[in-house]
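The structure appears right after this line, and notes come after that.
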Amino acid sequence: MEAANLSVASTSVALRLGPEAFSSSPNPSAVVGSTAGGAAPPGREPPFSVFSVLVVTLLALLIAATFLWNLLVLVTILRVRAFHRVPHNLVASTAVSDALVAALVMPLSLVSELSAGRRWRLGRSLCHVWISFDVMCCTASIWNVAAIALDRYWTITRHLQYTLRARRRASVLMIALTWALSALIALAPLLFGWGEAYDARLQRCQVSQEPSYAVFSTCGAFYLPLGVVLFVYWKIYKAAKFRFGRRCRAVLPLPSTVQGKEAPQEAEMACTARRPAAAFPPSGASWREQKEKRAAVMVGILIGVFVLCWIPFFLAELIGPLCACSLPPVWKSVFLWLGYSNSFFNPLIYTAFNKNYNNAFKNLFTKQR
């Protein structure tokens, strides 16, 4: 009878504890395998592998390079009086947003990446601050790219009406709208209770996954400026192509004064040459066209890098909340840091195509020596 009672008691305990109660057998081989086989003991962080150390080092270098390069651009604009005008205020606004991304957003994101399971252990208040700065600074960086593209488009297509005064007013208005819209998108969850960024149970800190906010934030922060920059660059390409074709038609009759039957053929070759500047004397118009061509190429590369860096992240941010599905954490991190890297490429691109910045950088370092 006592044996029967003991068997019933042991059965009830087993049902309460479940199969996990019997997985921790006192087998010495099992204990050794759980500790020495790669899994970390309870309460300890798993050791970093060589690959993890390499990735963390590269991300730390990316943060430092992004901040220092954008800071260098800002210092150059402040110290050189020739840069205290349009369009350098647009470049300065972009550098400010990218420097804030490197100073306030990327370090905390790296701290989150280093924690086990990417858990957020810095509290609810700091989570809200981090998410707000993340959305605001990244959105401002994206809209600043759109503002630079718009300024370049109006300069090429309306260079007579788009005077320095009109350009200054337009740039100030675009900068104000950029930061106001970015702040609205970032603070909307806190102001209107539009989802929660911090999950205390899972120790997770992320942008609100409310489907309506996901549509609002991704469209306002990326898809709308993406449509603007693509439309603007298409118009820039058409305007440049039309202007070059008009210039060719104006130059075609000139070789008629040359004797010989092959003069029209030479004129046609001069128009279709890859570098027409070699066939014409350098004038004010040709110098302006070359400058506009370099600016159009710069805007094209700026837009191309912007799209490649941000489109994977925003596709995941839009599709995930709508379909109630999520990517693996590794791919989320890859897409997020690919978007952050756009803040590193922006100053490289718009200074590489501007000789004034290169000369200013050289003078800055030369004077310091």
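The values are calculated or read from the model by the stated rules, or taken from the named source; none is laboratory data. For clarity, every value in this text was computed on a predicted model and none was experimentally measured. Just the protein is used for accessible areas: all its heavy atoms, side chains included, with ligands, DNA and RNA removed. Shrake-Rupley method; radii C 1.70, N 1.55, O 1.52, S 1.80 Å.
Phi angles across segment 358-366 convert, under the Karplus curve 6.51 cos²θ - 1.76 cosθ + 1.60 with θ = phi - 60°, into 3J(HN,Hα) values of 4, 5, 5, 4, 5, 5, 5, 6, 5 Hz, Gly and Pro given as x.
Please report the carbon-and-sulfur percent of the accessible area for segment 306-369; probe 1.4 Å, protein heavy atoms only, DNA, RNA and ligands left out. Please report the intermediate quantities before stating the final value.
Numbers: 2440 of 3630 Å².
Exposed carbon and sulfur together represent 67 percent of the surface.
As a ratio to 2.2 N^0.38 Å, the alpha-carbon radius of gyration computed for segment 60-111 takes the value 1.23.
With a 1.4 Å probe and every protein chain kept in, tell me what percent of the accessible surface of segment 164-235 is carbon plus sulfur.
67
Accessible surface for segment 147-213, divided over its residues, is 58 Å² per residue with a 1.4 Å probe.
A Cα-only calculation for segment 100-205 places Rg and Dmax at 18.5, 61 Å.
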